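*Asks:* Before anything else, here's the structure in question.
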Amino acid sequence: MSMKYRHFGNTDLKVSEIGLGCNKLGNSLFDKSKEKDNIKLVHQAHELGINIFDLSPSYNYGDTEKMIGKAFKGNRQHVIYSTKVGRLPSSLAKYAKKMMPIAGVLRPFISPFKKSLKKASKSQFDFSENQINTSLQKSMLQLQTDYIDLFLLHNPSIDILQKGDVFEVLEKLKKEGHIRYYGVSIDTAEEAKLAMQYPVSALQIPFNIIQQETAFNIFSHINPQKNPGIMVKTPFLRGLLSSKKLIREEYFTDKMVNQIKLKNAEFDFLTNNRNLNHIALQFVLQHSQVSTALCGTTSIHHLKDNIKHDSMPPFSQTELEKIKLIQEKYPF
Ligand SMILES: NC(=O)c1ccc[n+]([C@@H]2O[C@H](COP(=O)([O-])OP(=O)(O)OC[C@H]3O[C@@H](n4cnc5c(N)ncnc54)[C@H](OP(=O)(O)O)[C@@H]3O)[C@@H](O)[C@H]2O)c1
């Protein structure tokens, strides 16, 4: 069970085929005691061969970047930081951060409303030159580094991608040496195709055994040696594709959850000693266009289990054809 590495598109980076998605790693409003465990987890991830860590200054109000900065202080040159820009915490979240010191006292009063508060806190976006420079400086400070390996626009709108002036700002930062490469985190194939009109080195895309549309609409345009490196976000569909069978309604409507459950049940034929996480990872990594699957986890046990996917037999042609039929039956 040893980690494999893949070229990252047209860059000189070699990334572990499993990367660590860090959006859940960081102090939360209600629990400030997580840092020690999180640092242990990212060290363990690194020891297991993971060299790419996906971040954003918006994750946990900046605490995720701060924790990673502490974890790899003195070891910076051995890790690849992918962080983002343009997505700002909502004003509600900023307010919540200010309340952090007294969160313990407020907890019993706030807890019943946590779900509705979360829904109310929609992110805001700003891709202006000023915001890009400020955010980069902040990320470098939090990560205790003077360069970022991969700097991604965090879900820019079609309008921003069409205008394109944001890429001139990124190119300038690259020339100045603050960032090694830049790219875009997108959701749709239309966004990906627009982004690829610029000299981007990274595309972060949603791709998993259930959500295949964006990836298959762009894979035929991707030459792994020449084009941007493909990093997959949500390989476990935010936990819905996991042996935990956890249902995360906050991201999906009831109709979608039911559809996913029906589809998951059809993957039983793939089991063959694999659990649902292994199936999900094998599916994503069996595509050579993918450089790394960013697996989100807060558990060392899950991390180790995910790496085991590699010891399972690859899907046969018949299995791949059956997966295709299931996809056609339940488009998502
Ligand atoms: N807009 C964007 O740019 C964007 C959006 C979404 C995600 N991302 C990136 O992609 C990364 C991954 O996305 P994600 O974390 O939302 O979703 P994900 O990786 O598809 O799923 C994460 C969920 O899977 C569970 N899981 C992982 N391994 C497991 C195992 N072996 N057994 C059981 N459960 C397991 C995790 O629970 P445990 O914690 O209990 O293991 C967690 O609930 C993020 O961290 C982030 O870096 C970027």
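The values are calculated or read from the model by the stated rules, or taken from the named source; none is laboratory data. Here the structure is a predicted model, which means the values were calculated and not measured. FYI the Cβ positions are ideal-geometry reconstructions off the backbone, even for glycines, and counts take in every protein chain you see. Side chains included, ligands, DNA and RNA excluded: accessible areas come from the protein's heavy atoms. Shrake-Rupley method; radii C 1.70, N 1.55, O 1.52, S 1.80 Å.
*Asks:* Of VAL232, VAL184, which residue is outside any loop (DSSP other than H, G, I, E, B), without any contact (Cβ under 8 Å) to a residue 60 or more places away in the chain, within 13 Å of the ligand (Cβ to nearest atom) and buried (at least 18 other Cβ atoms within 10 Å of the Cβ)?
*Replies:* The conditions single out VAL184.
*Asks:* Find the residue count for the stretch 49-68, including only residues that are polar (S, T, N, Q) and either more than 22 Å from GLY229 (Cβ to Cβ) or open to solvent by 10 Å² or more (accessible area, probe 1.4 Å) (or both).
*Replies:* 3
*Asks:* Residues that are within 14 Å of the ligand (Cβ to nearest atom), outside any helix (DSSP H, G or I) and more than 18 Å from the chain's Cα centre (by Cα): does the stretch 268-275 have at least one?
*Replies:* Yes, there is a match, as at least one residue in the stretch 268-275 is within 14 Å of the ligand (Cβ to nearest atom), outside any helix (DSSP H, G or I) and more than 18 Å from the chain's Cα centre (by Cα).
*Asks:* Sort out for me the helices (runs of 4 or more DSSP H) sitting completely within the stretch 33-102 that have 1 or more residues that are under 19 Å from the mean Cα position of the chain (by Cα) and at pLDDT 95 or above.
*Replies:* So the answer is 35-47, 63-71.
*Asks:* Quick one: would you say ALA192 is among the small types (Gly, Ala, Ser), away from the ligand (no atom under 11 Å from the Cβ), touching a Ser or Thr at 6+ places or on another chain (Cβ under 7 Å) and in a helix (DSSP H, G or I)?
*Replies:* Against the criterion (among the small types (Gly, Ala, Ser), away from the ligand (no atom under 11 Å from the Cβ), touching a Ser or Thr at 6+ places or on another chain (Cβ under 7 Å) and in a helix (DSSP H, G or I)), ALA192 qualifies.
*Asks:* Given the condition touching a residue at least 12 places away in the same chain (Cβ under 8 Å), in a loop (DSSP other than H, G, I, E, B), touching a Phe, Trp or Tyr at 6+ places or on another chain (Cβ under 9 Å) and farther than 20 Å from LYS4 by Cα, answer yes or no: does some residue in the stretch 242-256 qualify?
*Replies:* Yes: the stretch 242-256 contains one or more residues that are touching a residue at least 12 places away in the same chain (Cβ under 8 Å), in a loop (DSSP other than H, G, I, E, B), touching a Phe, Trp or Tyr at 6+ places or on another chain (Cβ under 9 Å) and farther than 20 Å from LYS4 by Cα.
*Asks:* For the stretch 198-227, what are the residues that are more than 10 Å from the ligand (Cβ to nearest atom), within 21 Å of TYR181 (Cα to Cα), of a type outside the set (A, V, I, L, M, F, W, C) and open to solvent by 10 Å² or more (accessible area, probe 1.4 Å)?
*Replies:* Those that are more than 10 Å from the ligand (Cβ to nearest atom), within 21 Å of TYR181 (Cα to Cα), of a type outside the set (A, V, I, L, M, F, W, C) and open to solvent by 10 Å² or more (accessible area, probe 1.4 Å): TYR198, PRO199, HIS221, ASN223, PRO224, GLN225, LYS226, ASN227.
*Asks:* Can you say whether LEU170 is closer than 18 Å to GLN225 by Cβ and buried (at least 17 other Cβ atoms within 10 Å of the Cβ), as far as the supplied structure shows?
*Replies:* no
*Asks:* So the check is Cβ under 8 Å with 6+ separation or different chains; which pairs have a first residue in the stretch 297-322 that's of a type in the set (Ser, Thr, Tyr) and a second one that's open to solvent by 50 Å² or more (accessible area, probe 1.4 Å)?
*Replies:* THR297/LYS24; THR298/LYS24; SER311/MET1
*Asks:* Output the number of residues of the stretch 21-70 satisfying the condition of being in contact with a Phe, Trp or Tyr (Cβ under 9 Å, 6 or more places away or on another chain) and among the hydrophobic types (A, V, I, L, M, F, W, C).
*Replies:* 9
*Asks:* Any residue in the stretch 4-25 that is farther than 18 Å from GLY69 by Cβ sitting within a Cβ distance under 6 Å of a residue that is in a strand (DSSP E or B) and among the aromatic types (Phe, Trp, Tyr)? List the pairs, counting only those 6 or more apart or interchain.
*Replies:* Within 6 Å, the pairs are THR11/TYR181; LYS14/TYR5; SER16/TYR5.
*Asks:* Filter the stretch 49-63 down to the residues that are in contact with a strand residue (DSSP E or B) (Cβ under 8 Å, 6 or more places away or on another chain), near the ligand (Cβ under 10 Å from one of its atoms) and within 20 Å of LYS122 (Cβ to Cβ) and list them by number.
*Replies:* Listed by number, the residues that qualify are SER56, SER58.
*Asks:* In addition: What are the residue pairs meeting all of these: first residue in the stretch 134-159, first residue within 16 Å of the ligand (Cβ to nearest atom), second residue in a helix (DSSP H, G or I) and open to solvent by 60 Å² or more (accessible area, probe 1.4 Å), Cβ atoms under 6 Å, and 6 or more apart or on different chains?
*Replies:* Correct list of pairs: GLN142/LYS66.
*Asks:* In addition: Is it the case that the stretch 299-308 has a residue that's modelled with pLDDT of 90 or more, open to solvent by 20 Å² or more (accessible area, probe 1.4 Å), assigned to a helix (DSSP H, G or I) and in contact with a helix residue (DSSP H, G or I) (Cβ under 6 Å, 6 or more places away or on another chain)?
*Replies:* Checking the stretch 299-308: at least one residue is modelled with pLDDT of 90 or more, open to solvent by 20 Å² or more (accessible area, probe 1.4 Å), assigned to a helix (DSSP H, G or I) and in contact with a helix residue (DSSP H, G or I) (Cβ under 6 Å, 6 or more places away or on another chain).
*Asks:* Any chance you could count how many residues in the stretch 122-147 are part of a loop (DSSP other than H, G, I, E, B) and open to solvent by 40 Å² or more (accessible area, probe 1.4 Å)?
*Replies:* Selection size over the stretch 122-147: 7.
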